[in-house]
1. Round to the nearest 0.05 the FRET efficiency obtained for Ala71 and Leu22 when R0 = 41 Å and r is the Cβ-Cβ distance.
2. Output ³J(HN,Hα) for the stretch 96-108: one whole-Hz value per residue in order, computed from phi by the Karplus curve 6.51 cos²θ - 1.76 cosθ + 1.60 with θ = phi - 60°, and x for Gly and Pro.
3. For a Förster distance of 35 Å, can you work out the FRET efficiency between the beta-carbons of Leu33 and Ala101, rounded to the nearest 0.05?
4. Decide, for the stretch 29-106, between rounded, prolate and oblate: order the square roots of the alpha carbon gyration tensor eigenvalues as a ≥ b ≥ c, take rounded if a/c falls under 1.5, and otherwise choose prolate if a/b is larger than b/c, else oblate.
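Just so you know, all these numbers are worked out from the coordinates, no wet-lab data involved. Values in this document were obtained by computation on a predicted structure and should not be read as measured data. With ideal geometry, Cβ positions are generated from the backbone for all residues, glycine too; neighbour counts draw on all protein chains shown.
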Amino acid sequence: SLFFSSKENNNAPSVLSTMGVLVRRASPHPVVLLGFVSTFALTRYSRGLIMESDSIRLQDSLSKVWLIAAAQHVAIGIGCLLLVGVAVFKLEKDFGRSLKAMVRQKQE
């Protein structure tokens, strides 16, 4: 079998090496994964600043301070989305090809 190495055929891939290849192909590029983790941390931190700020209280939800903090939080989220999106399109070639194929198929 292709997946099991035998003593007669030392060139056959082992189960572990085959699984390693499958895991690497199914996992996002390390830069994209770092982008996801960084995005989570940044947006969580930004949300924490809004929720835990002494100057922003629940009854002030439409105050100028709250609106500025909310706009900063949204801007951080949009910036993270754009950066991760660029990383995905540059580093995840299969994703880009799949997305283009779906768009082409929908247009037909």
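1. Numbers: r = 43 Å, r/R0 = 1.06.
It comes to 0.40.
2. Values, residue by residue: x, 5, 5, 5, 4, 5, 5, 5, 4, 5, 5, 6, 7 Hz.
3. On the way: r = 24 Å, r/R0 = 0.69.
After rounding to 0.05, the efficiency reads 0.90.
4. Details: a/c = 4.59, a/b = 2.37, b/c = 1.94.
Prolate.
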